[in-house]
Amino acid sequence: MKSGIININLAVNRNRLLEVFDAGSEGLWELTPGNVVKFYNTRFYENFDVTLNGSPMHEWIAIMHPDDIEQFQNNVNQQVTEKISYFTSQYRIRNRQNDYRWIEAVGVLNTDEHGELQYLVGSHKDITEKKLHDEKLFQLAYRDSLTGLWNRRRLVEQLKVIQADGVPGIIITFGLTKFSQFVEVFGFEAGNQLIKLCAEAISEVFTDTDLIFRSYSDEFVVMLKDCPEKSMLCSTINKAITLFDQRFRAIHDTTIQKLNAGVYQLPGGSAATEDEESILYKSMLVMRHGKEHDSRIAFYADDEQRAIERHLFLETGIEKSIQDDEFYLMFQPIVCATTGKIKSVESLLRWHSVIYGEINPGEFIGIAEANQDIIPLGYHVLHLACSYVAEYRRQHQHDFKLSVNISVIQLMQADFVRRFLAIVNQYQLSPSYLTVEVTESAVLETNAFAVEQLLILNDLGFSISLDDFGSGYSSFNTFFSIPFTQLKLDRCIVKKMADDSSVYSYVKFLVVLCREKGISVVAEGIEDSAHAELVREAGVDLMQGYYFYRPMVGQKLLELEISPD
């Protein structure tokens, strides 16, 4: 009688337990050694096409997503074979509405004393919403919102994987020409459409979109995990370029926009140790190098490789070259237009690299300004210039007026005046003997803070010279907004004076205007007596050029007598 009561109580408790399971949101299951599954939460499982009591394993596999079956079977075999006591797995199951739902399975394995499987028990949880949420976050983190392509963050991670595996491959960087000008003319929406057009053209040719990335606003990267023969690779790239050209011309009756490509080959193997950002930068540079030389496809090899390596050296080597004392000054006297006597001297920066020899300022100044290296370089130049004046003073017992070029980028630094004065005071140089030369630019005229810095220097007694006037941007607003005391006519203006009477008249007018405002005028680029006579007749105050003196080393300048006033 007592055992009967116990059995009844066990049955009641079991039924209650099953009712509790049915009230839950998760499914409970049991797998017996005969691969028969018993489902305990009918509310969870009745939405799937399986037998609820004693379902064979193949029923569950039959409604599984085809891409997940192999991994699922491997997991089950591994769990049983290796007697893994606790495990989790995720896969997709098709419901009765023909939609796939993500299921997370958690299981516990039990064996007898001989290690034989007795049963597997566990739970199923619908994690579809979590998966969708995670996918959305993933898309936000790794997808470009405009084109739907992978973004640069994803590109760097994928490249890191390839590098770690030592897999050879190809990095192709595509870039548009004059994209910013296009946006300025046609607007941002037209610019977005252009980017989409470019993305579509590349994606149609390189069909594996998992290897296509938008790296910058107007640049795309295609990553190939093999190394096709060069002619075949060029043919494929040309297809994308031609497809873009055709579609662009169908919308815009212009050839302003072109698509260019730069190709960088990953070495693979043990040599695959280069930094990912360095690889992408080289690929981008070779594309831009090809663009500058009208080459629609450029490879990081031969001349291009040497040019890119030189460019990289200029971008990264300035600071070290300052420390290694590779920068030095040359000096070119400026003479009185009437007497021919030296009135002042311009200091000219030069770079003698141990690796590349003499590097022209026109090659490295723009790069130094772009990456902010012009700031430490500018202070280094001022040190060299002031140090030289101190040496000249020691030998000649007087100072002379010296011009030093200052970048507008330096003027925009909050501590510029303080640091400038500290260097000048270090060499006990009077402000009246130092002229600050700045190149005319729209940035200078429209930057109130930079002009304020010049006003402070001018109030302290430094002369301000506007260099290269007439070479590009010119505005008479300059005469009223910038406190300069000297104007230097660019050599291109001087050359045009002999051939164009209107230019000559313009210079005469300019000289009169400057004289009324107490501004001296220097004519640069005087190469012969005819040039000298012409600018003298126009009324300029000072002249500078090869006709009088070529740039010279400091030792030679020490031998010259320079007027101290």
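The values are calculated or read from the model by the stated rules, or taken from the named source; none is laboratory data. A quick note: this is a predicted structure, and the numbers were derived from the prediction, not measured. Cβ sites come from the backbone with ideal geometry, for glycine too, and all protein chains shown count toward neighbours. These accessible areas exclude ligands, DNA and RNA; they are computed on the full protein's heavy atoms, side chains included. Shrake-Rupley method; radii C 1.70, N 1.55, O 1.52, S 1.80 Å.
Cut-off 16 Å, label point 7 angstrom out along Cα-to-Cβ of R96: give me the residues of the stretch 24-52 whose amide nitrogen falls inside.
Output list for this probe position: 41-52.
Calculated from the structure, volume of the Cα convex hull per residue in Å³ equals which of (1) 204; (2) 148; (3) 272?
(3)
Of the heavy-atom accessible surface of the chain (probe 1.4 angstrom), what whole percent is carbon and sulfur?
Looking at the chain in its full context, I get 51 percent from C and S.
Pulled fully out, how much extra length does the chain show between F188 and T207, if you take 0.36 nm times their separation in residues and subtract their Cα-Cα distance?
Once the chain is fully extended between F188 and T207, it gains 4.1 nm.
Count the DSSP beta bridges whose two residues both fall in the stretch 317-559, then state the antiparallel fraction as a percent rounded to the nearest 5.
Expressed as a percentage, antiparallel bridges in the stretch 317-559 total about 45.
If the label point is 7 Å along Cα→Cβ of V354, which residues in the stretch 296-335 have backbone nitrogen under 17 Å from it?
Only 313-314, 316-328 pass the distance filter.
Note down the relative contact order for the stretch 143-300 as a percent, whole number, built from C-alpha pairs under 8 angstrom at least six residues apart.
Computed over the stretch 143-300, the figure is 34 percent.
Given a Förster distance of 45 Å, report the FRET efficiency between I63 and D226 from their Cβ-Cβ distance, rounded to the nearest 0.05.
Efficiency computed from Cβ-Cβ geometry: 0.75.
D49 versus I256, label points 7 Å from Cα toward the beta carbon: distance in nm?
So the two model labels end up 5.8 nm from each other.
Can you tell me the orientation of helix 529-538 relative to the chain, as the angle in degrees between its alpha-carbon axis and the longest Cα principal axis, to the nearest 10?
Between the helix axis and the principal axis of the chain, the angle is about 90 degrees.
Of all beta bridges DSSP finds with both residues in the chain, what is the antiparallel percent, to the nearest 5?
70 percent
Going down the table (K291/K495; K130/K225; K239/K291; K160/K320), which pairs top 27 Å between alpha carbons?
K291/K495; K130/K225; K160/K320
Can you tell me the orientation of helix 276-292 relative to the chain, as the angle in degrees between its alpha-carbon axis and the longest Cα principal axis, to the nearest 10?
50 degrees
Along the Cα→Cβ direction, 7 angstrom out, place labels at S387 and I456. What is the inter-label distance in nm?
2.6 nm
Place a +1 charge on the Cβ of each Lys and Arg in the chain and a -1 charge on the Cβ of each Asp and Glu, then give the dipole magnitude about the Cα centre in debye, rounded to the nearest 20.
700 debye
Gap in Å between the Cα centre of the stretch 211-283 and the Cα centre of the stretch 110-167?
A separation of 29 Å, based on Cα centres.
What FRET efficiency comes out for S180 versus Y119 if R0 is 51 angstrom and r is the Cβ-Cβ distance? Round to the nearest 0.05.
Computed FRET efficiency for S180 and Y119: 0.15.
Taking 0.36 nm per intervening residue step and subtracting the Cα-Cα distance, what contour gain separates T242 from E82 on full extension?
51.9 nm
Given a 1.4 angstrom probe, what's the average accessible area per residue across the chain, in square angstrom?
Per residue, the chain has an accessible area of 51 Å².
Express the relative contact order of the chain as a whole percentage, based on alpha carbon pairs under 8 Å and six or more residues apart in sequence.
Relative contact order here is 8 percent.
Once R0 is set to 56 Å, what does the formula 1/(1 + (r/R0)^6) return for the Cβ-Cβ distance between E527 and K136, expressed as a FRET efficiency to the nearest 0.05?
0.25
For the stretch 78-177, what relative contact order do you get, as a whole percent, if you take Cα pairs closer than 8 Å and at least 6 residues apart?
15 percent
Can you tell me the 0 to 90 degree angle between the C-alpha axis of helix 302-316 and the longest principal axis of the chain, rounded to 10?
The angle comes out at about 80 degrees.
Distance in nm between label sites at K495 and E30, each 7 Å beyond Cα in the beta-carbon direction?
Using points 7 Å along Cα→Cβ, the separation is 9.6 nm.
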